[in-house]
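Step one of this worksheet: look at the structure below.
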Amino acid sequence: MRSPATPRRRIWPWIVVGVVAIIVAIAITNTLRQEGVTTPTAEPSATTSPSTPVGDAAPTGCLGGEARDAAMVLAAQAEAPKSTNGAIEVATAFVRWLNQYPYPEATDIELIEAEAIASNAPTQDIAGFYAASPNLSGGLVPDGGNYYLSTLGGVYQLESADPDAVTASIGTVLVIDGALSPTLKGSITVEVVWEDDRWKFVSSEGTRTTEDLFAVGLAFSGGC
């Protein structure tokens, strides 16, 4: 459980003051760090313990296929059962799709906006999010550099769950110019909800350091 005093860091919405767009703490940007570098964050309380999803197949980290396009996300939604692990698979698919450069194609963004964003999501406008040209690698990759996130060597941690809403932290590894990094990892906590007979994305936050997540998280059974 996070300290109540710790501000939440969402990857959106964007706040516009005059003509200046201010990023309200991009979660993935702030949580991609070199392995071994500690970032000050609120520590989990003593009541928080690693949670192991049960009752369905362990998350592979690659449901929907190896591609990082909208078809992969929609396939993961279609294949994922209404279960904690199904929710984790869809959350992971969304993270893999969202955080990459070059950014997803406009047609893919439209599909995700139409099919994969929950009605209660703080922001429905993903196209507007990308229009601000965020460097979601947090500067670890220069602007315009090719990269994406892989679940090979990645982990997940169930944070909370009820039948229609699941929050899980997803740990990934950075891939730069096609090479899996031996040191660069990502940590992002994602909420999804069951809506229209499938899991849909609500929001993402930076709640755990990479060191914390990779210490307590469970390894994906597959990865891509």
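Things to note:
- A single entry from G178, G186 fulfils the requirement of being in contact with a helix residue (DSSP H, G or I) (Cβ under 7 Å, 6 or more places away or on another chain) and touching a residue at least 24 places away in the same chain (Cβ under 8 Å): G186.
- Filtered residue count, region 183-201, keeping only those that are crowded, with 22+ Cβ neighbours inside 10 Å and not basic (K, R): 9
- Residues of region 108-137 that turn out to be of a type outside the set (D, E, K, R), on the phi < 0 side of the Ramachandran plot and in a loop (DSSP other than H, G, I, E, B), as a count: 13
- Test: residue in region 142-157 that is surrounded by 15 or more Cβ atoms within 10 Å (Cβ to Cβ) and touching a Pro at 6+ places or on another chain (Cβ under 8 Å): yes
- For region 158-175, filtered to residues that are of a type in the set (S, T, N, Q) and free of Cβ contacts under 8 Å to residues at least 40 places away in the same chain, the residue that is surrounded by the fewest Cβ atoms within 10 Å (Cβ to Cβ) is S160.
- Any hit, region 211-220, residues being out of contact with any Gly (no Cβ under 9 Å at 6 or more places or on another chain), assigned to a strand (DSSP E or B) and buried (at least 24 other Cβ atoms within 10 Å of the Cβ): no
- For region 198-210, the set of residues classified as of a type outside the set (G, A, S) and touching a strand residue (DSSP E or B) at 6+ places or on another chain (Cβ under 8 Å) consists of W199, K200, F201, V202, E205, T207, R208, T209, T210, listed by residue number.
- Among residues that are buried (at least 21 other Cβ atoms within 10 Å of the Cβ) and closer than 16 Å to Q100 by Cα, S204 is included.
- Restricting region 148-167 to residues that are within 15 Å of the chain's Cα centre (by Cα) and of a type in the set (S, T, Y), the residue that is nearest to L180 (Cα to Cα): S150
- Candidates A114, A80, filtered to the one that is touching a residue at least 24 places away in the same chain (Cβ under 8 Å) and within 20 Å of W194 (Cβ to Cβ): A80
- Among the candidates L140, L180, L184, residue that is among the aliphatic types (A, V, I, L, M), assigned to a loop (DSSP other than H, G, I, E, B), over 15 Å from the mean Cα position of the chain (by Cα) and under 25 Å from G223 (Cβ atoms): L140
- Whether a residue is aromatic (F, W, Y), part of a loop (DSSP other than H, G, I, E, B) and over 19 Å from V216 (Cα atoms) was assessed, and Y103 passes this test.
Rule-based calculations on the coordinates, nothing more; no lab input. Fair warning: this is a prediction, and the values are worked out from it, not measured in the lab. Glycine also receives a Cβ, built like all others from the backbone with ideal geometry; neighbour counts cover every protein chain displayed.
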